[in-house]
Amino acid sequence: MGTFDSFKAERRASIEDIAQAIHDSVTMDEILDTYCPSVPRRHHRMPCPIHNGRDFNFSYTPRGFKCFVCGASGDVVSFVKEVLGCPTRLDAMKRINADLNLNLPLGCTIDEIQSATLALRRAEAEKKRQAEQAWEEKYNALMDAWCKLDNESRVETDPYELARIREAMTQIEYDLDSMPKKPG
């Protein structure tokens, strides 16, 4: 048996691994609930907690944010970095990891199993993103076809052609209604 035969591959969890795991695990709503619980929100808008704004000029999605006054924008990690005044993204990730009890191996040596778990998380997140993209593409294609037919129906005078257009629109409406809920 050679010297390296029993060696178990260990490495430090990379910042990219942890950042991806945070992005896959935490939404902007959860971050806002944790770090800005008293700031009023409506329709994914709120006063900017970064520059202590008063108007609803701060817009956010599940994965990021943008303030239309101070210009701050980014992902959940950069939000925490700005709001808490963390010196680096790594410090912000450590805070998120601790405050939201994610138990990610930040700054620790990880073994093959933990490395495989992080890789599996990345693969699942990519699969989820692809499913969301496929759903949006199908939805947008159906809506584009319906809008095109709707425009045609407004100028068409032939009753047979108008009936065909309305029948096609009805089929598209049925297809839209029978689509599963958006993944994610």
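Does Met143 count as over 25 Å from Ile22 (Cβ atoms), free of Cβ contacts under 8 Å to residues at least 40 places away in the same chain and not hydroxyl-bearing (Ser, Thr, Tyr)? Spell out the reasoning first.
Values: over 25 Å from Ile22 (Cβ atoms): yes; free of Cβ contacts under 8 Å to residues at least 40 places away in the same chain: yes; not hydroxyl-bearing (Ser, Thr, Tyr): yes.
Spelling it out, Met143 is indeed over 25 Å from Ile22 (Cβ atoms), free of Cβ contacts under 8 Å to residues at least 40 places away in the same chain and not hydroxyl-bearing (Ser, Thr, Tyr).
Name, by its number, the condition in (1) exposed (fewer than 12 other Cβ atoms within 10 Å of the Cβ); (2) in a helix (DSSP H, G or I) that does not hold for Tyr139.
(1)
Pick out the one residue from Glu10, Glu16 that is touching a Ser or Thr at 6+ places or on another chain (Cβ under 6 Å) and modelled with pLDDT under 90.
On the way: Glu16 fails: touching a Ser or Thr at 6+ places or on another chain (Cβ under 6 Å).
Step by step, each of Glu10, Glu16 is checked, and only Glu10 is touching a Ser or Thr at 6+ places or on another chain (Cβ under 6 Å) and modelled with pLDDT under 90.
Please list, ordered by first then second residue, the pairs with beta carbon atoms under 7 Å, 6 or more apart or interchain, first in the range 15-36 and over 11 Å from Arg63 (Cα atoms), second part of a helix (DSSP H, G or I) and among the basic types (Lys, Arg).
From residues that are over 11 Å from Arg63 (Cα atoms), the pairs are Gln20/Arg122; Ala21/Arg121.
Testing Phe79 on (1) within 29 Å of Asp17 (Cβ to Cβ); (2) modelled with pLDDT under 95; (3) under 20 Å from the mean Cα position of the chain (by Cα); (4) of a type outside the set (Val, Ile, Thr), one condition comes back false. Which one is that?
(2)
Checking Asn97 against (1) in contact with a Leu (Cβ under 8 Å, 6 or more places away or on another chain); (2) touching a residue at least 60 places away in the same chain (Cβ under 8 Å); (3) within 30 Å of Leu176 (Cβ to Cβ), which test does it fail?
Checking Asn97 against (1) in contact with a Leu (Cβ under 8 Å, 6 or more places away or on another chain); (2) touching a residue at least 60 places away in the same chain (Cβ under 8 Å); (3) within 30 Å of Leu176 (Cβ to Cβ), the one that fails is (3).
Can you name every residue in the range 142-184 that is exposed (fewer than 12 other Cβ atoms within 10 Å of the Cβ), of a type in the set (Lys, Arg) and farther than 24 Å from Lys127 by Cα?
Across the range 142-184, the qualifying residue is only Arg154.
The values are calculated or read from the model by the stated rules, or taken from the named source; none is laboratory data. The structure presented is a predicted model; accordingly, all values stated were derived computationally and were not measured. Using ideal geometry, Cβ is built from the backbone for each residue, glycine included, and neighbour counts are taken over all protein chains shown.
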